[in-house]
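To keep things clear, I will list the structure first and then write my remarks on it.
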Amino acid sequence: MQIPNHVPVPELYVSYESAQKLKADAGDMPSWDLSPRQICDLELLMNGGFNPLKGFLSEDDYNSVVDNMRLADGTLWPMPITLDVSQSFADSLDVGQDIALRDQEGVILAILSVSDRWTPDKSREAAQVFGADDSAHPAVNYLHNTAGPVYLGGAITGIQQPVHYDFKMRRDTPNELRAYFRKLGWRRIVAFQTRNPLHRAHQELTFRAAKEAQANLLIHPVVGLTKPGDVDHFTRVRCYEAVLDKYPAATTTMSLLNLAMRMAGPREAVWHGLIRRNHGCTHMIIGRDHAGPGKNSAGADFYGPYDAQDLFRTHESEIGIEMVDFKHMVYVQERAQYEAADEVADGSTVLNISGTELRRRLREGLEIPEWFSFPEVVEQLRRRYPPRAQQGFTVFFTGLSGSGKSTVANALMVKLMEMGGRPVTLLDGDIVRKNLSSELGFSKEHRDLNIRRIGYVASEITKNGGIAICAPIAPYETTRRAVREDVETFGAFVEVHISTRLEECERRDRKGLYKLAREGKIKEFTGISDPYDEPVNPELRLDTENSEVDHCAHQVLLKLEQMGLVAG
Ligand code: PPS
């Protein structure tokens, strides 16, 4: 049921004085360091965004939510909000105990009075809540691979809000938004939920939806956790700020929502409705495939395109908020304007740019037309996604000791520096072992640690637009794959296998190490007494036996050119 905007939603915070006292007492309590997702959940529990919840779900409420989308007392609530913890932490507690919940810097945000502790059946939760126990679903993947094995339930006593240093002026609690609407005399408010940058079509559809509902508009983007791979919220908020200027004055506002999405489609839509109701909205735009997680492991959609709308409509009066249908808006070339797709006159030319095409154009620095997006939005996206030839990347050489990795890597570095444009860092095996990994030896464990460190530094360099050239032996396929994954979050990873044969490396024996290894004076020597997994599918394979160093480095440059990473 909707609570009128002159009545605040209940919050879980105590007074300042009580909070100070509790904080002092909490110093002696067992404490749990909250994960980023748990911090998002806690913030919305404490500020009333998850009203009527008073804490993390008890076991009874959890079972009822999982099976029936309702709390044990029958109140509609579609999403299990649970505190997952490690087995050892759970074992160290007694039910009935109070624990301090801390943010990642150790600040105490709340006290949880533990009333329940249980080991959930995660497969059942996945099937019931997300529709399938399939780890292609980001929330199912999280459930099985990130969330702890035990859940704690109980009432929350709020001490302080999680601290945000970014976009402070755009963050509002439900009661702050209610007060704002009341002050402006806004009685009908349509919420628009989004996790993507807004382009012209979105601006048209949201404005049209608000007009049809004779309401004001709240752009309510999620800045907590969204779908992995989404545009980061810093970039998005700068885009939203630009779009906000395009609405007629005093019709529209924007507020940021620190929600951790689950991408649960229909259940998520109902949940979003309840959250928006708590934030004082009267209407909400629900579109095709609302909060969809993408494809399942068989390549099919997890949910039908209108499942979210159907479930929302079924529960509309209980949610206390009216659903506004999302009109798919398309650009009609002859009329140079956006129109609802189902109202376009026959024979008209309809233009569209898909998300994939937009990403391609950004990647390749191609034109993004003004009919599609606002120049200010495109500018922000271009800053975030420069063309490939300006992005950071990593060239990862791997090969036996003495294969020529360092020599080719050095030559490549010099050639890239001659070209200029991006900073180049060489992480050669010997340099790293001297500066980053001086305490490590050559056991599998130590080699893995060494390579993961190189991968971490390379991914940071790549993230910040530089070129990292790595040249360790990196003998294990699994570790190389892990490094690839780390780097590819931020840019291209180019694996170059220097495939010089063992016999040739041993013949060269530049450092005299092969001789010592043969004599057993050096243990665990790669190729002699320790394995080297040949790369199966490297971007490039080079043999220094039959080619000059200069030629090898040139081959790498040609590959980089071909991949669009350096200008031709
Ligand atoms: S690893 O496996 O990737 O962590 O190795 P890396 O950091 O590249 O270090 C390899 C250099 O260390 C010297 N060295 C050995 N290599 C292999 N196995 C053993 N046991 C060993 N002991 C010392 C060797 O000089 C390697 O240098 P490069 O430049 O590859 O010849």
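Listed by chain and number, the aspartates and glutamates placed with their C-alpha closer than 17 angstrom to that of Lys444 are Glu477, Glu524, Asp530, Asp533, Glu534; residues fewer than eight positions away on the same chain are left out. Net charge dipole, the stretch 388-563: roughly 340 debye, given to the nearest 20, about the Cα centre with Cβ charges of +1 for Lys and Arg and -1 for Asp and Glu. Using the average count of surrounding beta-carbon atoms within 10 Å as a protection proxy, the listed peptides 408-416, 485-493, 559-567 rank, highest first, as 408-416, 485-493, 559-567.
Test of understanding: express the Cα radius of gyration of the stretch 142-225 as a ratio to 2.2 N^0.38 Å, with N the residue count. Don't jump to the answer; show the numbers that get you there.
Working: Rg = 17.6 Å, N = 84, 2.2 N^0.38 = 11.8 Å.
So the Cα radius of gyration is 1.48 times the expected 2.2 N^0.38 Å.
When each of the peptides 353-363, 83-93, 261-271 is scored by the mean number of other C-beta atoms lying within 10 Å of its residues, the order from highest to lowest reads 261-271, 83-93, 353-363. Considering only Phe312, Ser401, Leu366, and ranking their Cα positions along the charge dipole of the chain that arises from unit charges at the beta-carbon of Lys, Arg, Asp and Glu, the one farthest toward the positive end is Leu366. Annotation: average projected area of the stretch 289-370 is 8.6 square nanometres, based on the convex hull of Cα atoms across all directions.
When the C-alpha to C-alpha distance is required to be over 31 Å, the pairs from Lys54/Lys183; Lys521/Lys559; Lys21/Lys183; Lys54/Lys227; Lys183/Lys211; Lys168/Lys227 that qualify are Lys521/Lys559; Lys21/Lys183. Size descriptors for the stretch 271-335 (Cα atoms only): Rg and Dmax, in that order, 14.6, 44 Å.
At 1.4 Å probe radius, can you tell me the per residue accessible area of the stretch 412-473 in Å²? Before the final figure, lay out the partial values.
On the way: 3050 Å² over 62 residues.
Dividing the accessible area of the stretch 412-473 by its residue count gives 49 Å².
At full extension, Glu439 and Arg363 could sit 23.3 nm farther apart than now, given 0.36 nm per residue minus the alpha carbon distance.
So what is the 222 nm mean residue ellipticity for the chain from helices alone, if each DSSP H run of at least 4 adds -39500 (n - 2.57) and you divide by all residues, rounding to the nearest 500 deg cm²/dmol?
Numbers: 21 runs with 211 residues, N = 568.
The helix-only estimate for the chain comes to -11000 deg cm²/dmol at 222 nm.
Given the C-alpha centroids of the stretch 101-137 and the stretch 147-166, what is the distance between them in whole angstrom? Going from one Cα centre to the other spans 11 Å. Its relative contact order, with pairs defined as Cα atoms under 8 Å and 6+ residues apart, puts the chain at 12 percent. Hey, how many Å between the Cα centroid of the stretch 484-529 and the Cα centroid of the stretch 220-247? Taking the Cα centre of each part, the stretch 484-529 and the stretch 220-247 sit 46 Å apart. When the charge dipole of the chain is built from unit charges on Cβ atoms (+1 for Lys and Arg, -1 for Asp and Glu) and taken about the Cα centre, the candidate among Ile498, Pro535, Pro162 whose Cα reaches farthest toward its positive end is Ile498.
Rg ratio for the stretch 388-563: its Cα radius of gyration over 2.2 N^0.38 Å, N being its residue count, equals 0.99.
On C-alpha positions alone, give me the angle between the axis of helix 16-26 and the longest principal axis of the chain, in degrees, nearest 10. The two axes meet at around 40 degrees. Each Cα pair under 8 Å and six or more residues apart adds its separation to the average, and for the stretch 302-399 the resulting relative contact order is 16 percent.
Please go through the residue pairs Lys434/Lys523; Lys295/Lys463; Lys122/Lys295 and name each one whose alpha carbons sit more than 26 Å apart in this structure.
Lys295/Lys463
Relative to the longest principal axis of the Cα atoms of the chain, helix 444-463 runs at roughly 60 degrees. Percent relative contact order of the stretch 246-375, based on C-alpha pairs within less than 8 angstrom and at least six residues apart? About 20 percent, as a whole number. Computed over every Cα-Cα pair of the stretch 256-305 and binned at 5 Å starting from 0, the pair-distance distribution P(r) comes out as 5, 20, 26, 22, 13, 7, 4, 1, 0 percent. Applying the Karplus relation 6.51 cos²θ - 1.76 cosθ + 1.60 with θ = phi - 60° to the stretch 394-400 yields 3J(HN,Hα) values of 10, 9, 10, 7, 9, x, 5 Hz, where x marks Gly and Pro.
Each residue of the stretch 210-223 is assigned a 3J(HN,Hα), and the resulting list reads 5, 4, 4, 8, 6, 9, 7, 10, 10, 7, 10, x, 8, 10 Hz, derived from the Karplus form 6.51 cos²θ - 1.76 cosθ + 1.60 (θ = phi - 60°), x at Gly and Pro.
Probe radius 1.4 Å, ligands and nucleic acids ignored: give me the carbon and sulfur share of the accessible area of the chain as a rounded percent. Ligands and nucleic acids excluded, carbon and sulfur give 49 percent.
Here is the size of the stretch 19-170 from its Cα atoms: Rg then Dmax, 15.4, 46 Å.
Over all pairs of distinct alpha carbons, what does the Kirkwood formula give as the hydrodynamic radius of the stretch 236-363, in Å?
Working: mean 1/r = 0.0581 Å⁻¹.
Roughly 17.2 Å, rounded to one decimal.
Protection proxy ranking of 241-253, 135-147, 15-27, by the mean of other Cβ atoms within 10 Å over each peptide's residues and highest first, is 135-147, 241-253, 15-27. Here is the list for the stretch 337-408: chymotrypsin sites (Phe, Trp or Tyr not before Pro) lying in DSSP coil, each with at most 16 other C-beta atoms within 10 angstrom of its C-beta, are Trp371. Taken over the chain, the convex hull of the Cα atoms encloses 189 Å³ per residue.
How many percent of all Cα-Cα pairs in the stretch 168-330 sit more than 27 Å apart? List each step's numbers first, then the result.
Working: 2338 of 13203 pairs.
Of all Cα-Cα pairs in the stretch 168-330, 18 percent lie more than 27 Å apart.
Placing unit charges on each Cβ (+1 for Lys and Arg, -1 for Asp and Glu) gives the chain a dipole about its Cα centre, and among Leu440, Pro36, Val556 the Cα reaching farthest toward its positive end belongs to Val556.
The values are calculated or read from the model by the stated rules, or taken from the named source; none is laboratory data. Bear in mind that the values here come from a model prediction, so they are computed numbers and not experimental data. Quick reminder, even Gly has a Cβ in these numbers, built from the backbone with ideal geometry, and neighbours come from all protein chains shown. For the accessible areas, the whole protein counts, side chains as well, though only heavy atoms, and no ligand, DNA or RNA atoms are used. Shrake-Rupley method; radii C 1.70, N 1.55, O 1.52, S 1.80 Å.
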